[in-house]
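Report on the following structure.
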Amino acid sequence: MKDKAETFLELKGLTKKFGEFTAVSEVDLQIAEGEFFTLVGPSGSGKTTMIRLLVGMDLPTSGDIILKGTRLNDVPANKRPTCMVFQNLALFPHRNVGENIEFPLKIAKVAPAVRRERAMALLEQLHLPLDFYDKGVNQCSGGERQRVALARALAFDPEILFFDEPLSALDFRLRKALEKELKDIHRETGKTFVYITHSLEEAMVMSDRIGIMKDGALVQIGTPNEIYNKPINKFVAQFMGEVNTLEVEAAGDMTVRDIKGEGTFEVKSMPDQFSRGYLIVRPEVMKLGPAASGLPNIMHGKFFNDYALGSRMQYQIRSPSGDQWLVERLQDEVFDGTFGDTVALGWRPEDSILVSE
Amino acid sequence: MNEQRKRRLARNLIVIWTTCVIGFLYIPMVAVVLASFSKQRYFQFPIAAWTMRWYEKASTSLSVRDLLWTSLTVALLVTIFSVILAFFGALAFARYEWSGRKLYQRLVLLPIFFPQAVLGLALLLWFSSLGIIPSWQTAVFAHMVWIVPIVILIISIQVYSFDPALEEAAFDLGATRLQVLREITLPILSPGIVSGGLFAFLLSWGNFPLSMFTTGADQTVPEWLYAKMVSGYTPMVPTLGSLTMGSAAIMLLVGYFGWLAIRYKTAQIKVKSAD
Amino acid sequence: MATGNKSSIWRINPGRLAAIPASVFLLIGFAGPLAMVIGYSFMPAHTFSLLQVPSLENYVSVVADSYYISFFWSLFLASTAVVILFLVCYPMAYGMAKIFGPWANLVTALIILPLLISENIRLFGWVLILLKNGILDGSLKYLFDVSASGLLYTVPSIVLGLVYVYLPFMLFPLVSGISMVPESLKDAASDLGASRWEIFWEVELPLSMPGIMIGGILTFILSLGSLAEAKILGGQAVVMIADDIESAFTFAQNWPKGSVLSVMLIGLSGVVVFLLFRRIDLDQIIGRR
């Protein structure tokens, strides 16, 4: 994917203000043709506004949206060659499945026979039975509705397909299945997908690249691996899921000291001119009890509680100063301790992630 | 156990009470229908002799025909104009976010809270100072002042449950604003529009206080009934009253079965797709 | 955040655009006549032009004349009707909101239907019932040889007419008010030890207050300005303010006097409506947002 380097969609200093409030601020972004790009952020981070600007539902306050060299700023949504799958899908309740899918073709004045043929092909492509054509959209299940909405958007044949958290209302298992299916459809169609979600996990599964948004700005852009292994700040690291965060200051070459006095720890790399910041350690790389012995980075705390997370077990250790630390183990290597005992935690220097802010 | 019994007792009392109140609402109408079949020139109960004579008389009377015709024309025109005005009015009321909306919501509902007799008189004053001679046409206008806000309210209830994302989706898929209105907004809001229209018709058909002051030389059925009521009893009053009640009932039944037919049609689509 | 800006796909704000037809119509059909009535109220008595020297003479004469009697009667009858309506409708509204389930739709339909029939036909039905030798009197005479004449053309018969005609306007706001009280709150109150009476007093009544207020004020205003009830059922028993207004305009041909009375009635109703509208959010009540 990444070898298609030429810019397809480009955002330059994109900004949207609602009165005093800046929802999107000076966003610069380039997306390549055929890429699956996901914008992730907590609610209120401006990602919804961002996608509405890209689709043409809202007009930017300043900045440019450029698609294949054409400036799209002043083109209304119905004239843009892009299309969106809505959060609530926005299937037309007074039309059946076939009419929903054919809607953009009807608007484009495609002959009825051709429309029907195309709708049938899309039903097949999305693994929906052909007799769904006459089904009412309100008779469809959640997963079926997702597919119909996607089919309708594909019928439009857009240059870029936008997704506004369409999977957020579904239950966990169906969501997982549809995430993969969506990625498969992306592969089959070769279209450019731009997806927004608040779940980084969802973004990880599907995306070629991820952009993390906070307070209307893009904080970090990278592949799922880069985001996971090299978060640039505490926000990104903590957004990835539960992590152990220690506030530290530099204590020499490749060593940092916890400011609460939990200890001195080794790291493998350090940001330039690091003086004070955060040390982040993921629960799954933490060692607990005997397994921690011999590691250069060691802390001690009281074993407080454990939680079964399905394939893994999670343990909570409380430090003398009241901090809560988490350790995760696979189910076949469970930790067999007694609540209240003092235990050791340890990790390797290469598992330390050090960020300045 | 005791608590359970108390609860059931309370429930039964409420059911009985509700039945009584509904009975209370319908008793006068039954009285009117009974009176229309009474042979006596002056109403007396129990009814001594029955007759259909008053209905025969009504069906051949030219003045009755004129009255019905005036009422019908007024009601139809009020329905058409009110629905058109109220459709857009309801969109402004409930669909769009705009700076003056809260104020608009309050101002547009004011006529509903206004004493109708006073409104009728004020309109009479207004028409005569503008040099317009009151007739059934001015009554159409007067009815609308009161009915448009009510229809706005009825359509708004439907608009509130309308998902704006549907319009946006259609727009995003290439439809023009006119196409969005025709393909999405109108069909989805149609139940609200139809019930708004039905209300507009029936409220105009039965209106008395506004008609009284604004029809000029023309007369609608409720006006005629009132005039006869105060000037003295004639059997034509219950007869014409029963006729208007009957026609309202027929309209409602037609509306109801039309609605059932639409439901049946959609149910058929479901059955077809279930095969 | 999202709902606030949905409209920006349209270049001109569509809400403002959509508000224009109805607003212009009501400006001509409602604000205009209203302004004119207010204007006439300052004109000298028995004039038919707005081009005289404005004065407060009419207001003074209305206070000096005995019009306060009809104002008093209107206020008294309207308040009585509102209290009775509340007592009649509350149990029923409670049933419709909480007990009847699917039957509530049928009850709703049965209560809306009479609304669509001219109120003077329905009031005439009561005339037939209460009349001397009418349905009630006639039946009692026939069955028990007891007479019940003299019921019609009395103050109670006017109250009956008001209660009868405006019942739905109290009932439906009450239903929506009561159904806005979440069942879970009542369960929670009961779980915390509240008795049924305490639940009603502490939870149900305060939370259904918006509905009660709308119902009460709506029926109060409608009764205050009512004309047909007092004329058809009350005969000469009592003169209500709307009746005075009508005769000032028509019989006495004194537009300024009628205007003053109208302005006073409108002002009274207007203050009440204003107080109501200040306290409630229409989006929430109508759209359940």
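Students often get this wrong, so check it: of A:K135/C:K98; A:K12/A:K268; A:K47/A:K180, which have C-alpha atoms separated by over 27 Å? Where the Cα-Cα span goes over 27 Å, the pairs concerned are A:K135/C:K98; A:K12/A:K268. Neighbouring Cβ atoms from other chains, within 10 Å of the Cβ of residues in B:85-94, number 6 on average. In the structure shown, the pairs A:K260/A:K287; A:K68/A:K234; A:K16/A:K106; A:K79/A:K176; A:K176/A:K230 are assessed against 27 Å; a Cα-Cα span above that value is assigned to A:K68/A:K234; A:K16/A:K106; A:K79/A:K176.
Couplings 3J(HN,Hα) for segment B:5-15, derived from phi with the Karplus relation 6.51 cos²θ - 1.76 cosθ + 1.60 (θ = phi - 60°), are 5, 4, 4, 5, 4, 4, 4, 4, 4, 5, 5 Hz, where x marks Gly and Pro. Note on A:80-89: average number of Cβ atoms from other chains within 10 Å of each residue's Cβ is 3. Within segment B:63-274, all pairs of alpha-carbon atoms sorted by distance into 10 Å bins from zero give the percentages 8, 27, 30, 21, 11, 3, 0.
With the helix formula -39500 (n - 2.57) applied to DSSP H stretches of n ≥ 4, chain B reaches a computed 222 nm mean residue ellipticity of -25500 deg cm²/dmol.
Accessible surface comparison of B:W136, C:W255, B:W50, A:W347, probe 1.4 Å, protein chains only, largest first: the order is B:W50, B:W136, C:W255, A:W347. Taking every protein chain into account, the 1.4 Å probe leaves B:Y96 with about 20 Å² of accessible area, to the nearest ten. Applying the criteria of a DSSP loop state and at most 14 other Cβ atoms within 10 Å to the trypsin sites (Lys or Arg not before Pro) of segment B:53-120 yields no site.
Quick check: with the 1.4 Å probe, what order do B:R41, A:R80 take by accessible area, largest first?
In descending accessible area the options line up as B:R41, A:R80.
Look at the stretch B:208-216: the mean tally of other chain Cβ atoms within 10 Å of its residues' Cβ atoms is 3.
Shape descriptor for the protein assembly as shown: Rg over Rh equals 1.09 (Cα atoms; Rh from the Kirkwood inverse mean 1/r).
Which value at 222 nm does chain A reach when only helices count, each DSSP H run of 4 or more adding -39,500 (n - 2.57), with the total divided by all residues and rounded to the nearest 500 deg cm²/dmol?
The per-residue figure over chain A is -7000 deg cm²/dmol.
Rolling a 1.4 Å probe over the protein chains gives C:F200 an accessible area of about 50 Å².
For segment A:26-43, 3J(HN,Hα) computed residue by residue from phi via the Karplus equation (6.51, -1.76, 1.60; θ = phi - 60°) reads 6, 8, 10, 7, 10, 10, 8, 5, x, 7, 10, 10, 10, 9, 10, x, x, 5 Hz, glycine and proline entered as x. Binning the C-alpha pair distances of segment C:198-258 at 5 Å intervals from 0 yields a P(r) profile of 4, 16, 15, 15, 12, 9, 8, 8, 6, 4, 2, 0 %, listed from the shortest bin outward.
The phi-based Karplus calculation (6.51 cos²θ - 1.76 cosθ + 1.60; θ = phi - 60°) puts the 3J(HN,Hα) values of segment C:188-203 at 4, 4, 5, 4, 7, x, 6, 7, 4, 5, 5, 4, 4, 6, 8, 10 Hz, whole numbers, x for Gly and Pro.
For the listed peptides A:251-258, A:229-236, A:302-309, a ranking on the average number of other beta carbons within 10 Å per residue, highest first, reads A:229-236, A:251-258, A:302-309.
Once you have all Cα-Cα distances for segment C:67-285, histogram them in 5 Å bins from zero and send the whole-percent values. Bin by bin from 0 Å, the calculated values are 1, 7, 12, 14, 15, 15, 12, 10, 7, 4, 2, 1, 0, 0. Residues B:T73, A:T192, A:T70, sorted by accessible area with the largest first, give A:T70, B:T73, A:T192 [1.4 Å probe; ligands and nucleic acids excluded]. The radius of gyration of the Cα set in segment A:227-357, together with its Dmax, comes out at 14.3, 43 angstrom. Counting Lys and Arg as +1 and Asp and Glu as -1, what is the net charge of the other residues whose Cβ lies under 12 Å from the Cβ of A:H127? Around A:H127, the charge tally is -4. Note on B:L243: accessible area approximately 70 square angstrom, rounded to 10, probe 1.4 Å, nucleic acids and ligands left out.
The values are calculated or read from the model by the stated rules, or taken from the named source; none is laboratory data. Bear in mind that the values here come from a model prediction, so they are computed numbers and not experimental data. Cβ atoms come from the backbone with ideal geometry, glycine included; neighbour counts cover every protein chain shown. Side chains included, ligands, DNA and RNA excluded: accessible areas come from the protein's heavy atoms. Shrake-Rupley method; radii C 1.70, N 1.55, O 1.52, S 1.80 Å.
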